[in-house]
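Report on the structure given below.
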Amino acid sequence: MSALVTVSIIISAVLMVISALLILIRLMLGPSLPDRVVGLDMLTLSLVAFCALATLYFEQRAFLDVALVLALIGFLATVALARFAERVQDNDRKNGEDHD
């Protein structure tokens, strides 16, 4: 692997870690449940990209398997949380509450 590719992978990994930290801040601050669901989905996407970078850097295909499984679990978690958020909003509408 050339030096340019190695440096590019390292810079990309550092940027992915910074983005993951910013996403964690958004995840904690919220303010609403849909914001947290989107934050969790973006965090999963960042971890998948980080696994792809690790595959390139270490030249091990096992990291691609990890990325694939993580992407599938992240997708299922996002769908489940979106359904949960929808039910919470429906219940709030039935009860006359407004939690924007």
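The values are calculated or read from the model by the stated rules, or taken from the named source; none is laboratory data. Keep in mind that what you see is a predicted model, and the values were worked out from it rather than measured. Cβ placement follows ideal geometry from the backbone for every residue including glycine, while neighbour counts extend to all protein chains displayed.
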Which number in (1) on the phi < 0 side of the Ramachandran plot; (2) in contact with a helix residue (DSSP H, G or I) (Cβ under 9 Å, 6 or more places away or on another chain) marks the one condition that LEU22 misses? (2)
Please state which one of LEU81, LEU70, LEU64 is closer than 18 Å to SER32 by Cα and in contact (Cβ under 8 Å) with a residue 12 or more places away in the chain. LEU81
Tell me yes or no: at least one residue of the range 31-53 is loosely packed, with under 12 Cβ neighbours inside 10 Å, of a type outside the set (Lys, Arg) and modelled with pLDDT of 90 or more. no
Criterion (among the hydrophobic types (A, V, I, L, M, F, W, C) and closer than 27 Å to VAL79 by Cα) met by exactly one of VAL37, VAL14: VAL37
Among the listed residues ILE73, ILE11, identify the single one that is over 12 Å from the mean Cα position of the chain (by Cα) and exposed (fewer than 13 other Cβ atoms within 10 Å of the Cβ). ILE11
